[in-house]
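What follows is one structure encoded as structure tokens, with my remarks underneath.
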Amino acid sequence: MREDEKIPFTSHLEELRKRLITGFIAIGVGAVISFAFKERLFNILVQPLIKVMEEGDTLIFTGLPEAFFTYLKVALLAGIILASPVILYEFWMFVAPGLYKKERRLLGPIVVLSSFFFIGGALFGYFIVFPWGFKFFLGFATETIRPLPSMKEYFAFSAKLLLAFGVVFELPLVLTFLARLGIVSVDFLRRNRKYALLLFFIGAAILTPPDVITQIMMALPLMALYEISIIGARIFGRKKPEVDEVKESAT
């Protein structure tokens, strides 16, 4: 029996408020620290684009405060990434009271793996998707059409992709955890594979810019992650009690 079944709803709201405040504080601390390295961080963020641009091409800013506010946003993005272990920890701790005691023992590894998958997804986007995607976009340049990407536009584009890939790479962990709780099963995941595939492409179309290349480059990893989720569900999913199996065979 779960220990918090009789806790008032207002207590859950208070717990949520505390968790959110802690998460925002962690992001703020990370952003303040990152702001000291804002130029270096932006140079790292822009490297995949610089490598595929023509020699001599640079980014521009079209408004006087654009560079300053872009650096602020870079620091905020870095703060979110730095604070991601804390954010994920607070999320899982908020979920913890609704779990059985034996299920709570899994939260430690889950927090670590959540951070690993989030950062791994962001790195996948940076090292794999960015070079291919930027090369595709710049391929439309001609002798009379010259690309002049701005700092603001590039940051908005890259930040959205980094966070999107970080979030979607949590899929194996989430589905495995749901299987562990008995909410989904291996058979359920297998039966709904085709629907999941459709949802992946729809989700990729929503999370990525409106071009086929980046949508496919997000949907394909999601398909692989879904198969990993099935393996994880098979290994760590809740096993049906033997008593229930006997009863089902008897009927």
* Asked: Check residue 60: other-chain or 5+ apart residues with amide H under 5 Å from its amide H, H built from backbone geometry?
  -> 150, 151
* Part-to-part distance (alpha-carbon centres) for the stretch 196-210 and the stretch 176-191, which is given in Å -> 22 Å
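What is the magnitude of the charge dipole of the chain about its Cα centre, with +1 placed on the Cβ of each Lys and Arg, -1 on the Cβ of each Asp and Glu, and no other charges, expressed in debye to the nearest 20?
Value, rounded to 20: 660 debye.
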* For residue 238 and residue 39, FRET efficiency with R0 = 51 Å and r from the beta-carbon atoms, rounded to 0.05? -> 0.55
* Before anything else, pin down the relative contact order of the chain: Cα pairs under 8 Å, at least 6 apart, normalised by residue count, whole percent. => 21 percent
* Select from the stretch 6-84 those trypsin sites (Lys or Arg not before Pro) which occupy a DSSP coil region and have at most 10 other Cβ atoms within 10 Å, ordered by residue number. => 6
* Asked: Each label point is 7 Å from the Cα along the Cα-to-Cβ direction; what then is the distance between the points at residue 11 and residue 231, in nm?
  -> 4.2 nm
* Asked: What does the helix-only formula give at 222 nm for the chain: each DSSP H stretch with n ≥ 4 adding -39500 (n - 2.57), the total divided by the residues, and the result rounded to the nearest 500 deg cm²/dmol?
  -> -24500 deg cm²/dmol
* Estimated inter-spin distance, residue 190 and residue 128, nm [label 7 Å along Cα→Cβ] -> 2.6 nm
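Within the stretch 68-145, which GluC sites (Glu not before Pro) sit in a loop by DSSP and count at most 16 neighbouring Cβ atoms inside 10 Å?
Within the stretch 68-145, the qualifying GluC sites (Glu not before Pro) (loop, at most 16 other Cβ atoms within 10 Å) are 143.
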* Structure fact -> For the chain, the charge dipole (Cβ of Lys, Arg +1; Cβ of Asp, Glu -1; about the Cα centre) points to a positive end, and the Cα of 44, 27, 126 closest to that extreme belongs to 27
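Throughout, read-outs are computed from the coordinates displayed, never taken from laboratory work. On a predicted model such as this, the values are computed, not experimentally measured, just so you know. Quick reminder, even Gly has a Cβ in these numbers, built from the backbone with ideal geometry, and neighbours come from all protein chains shown.
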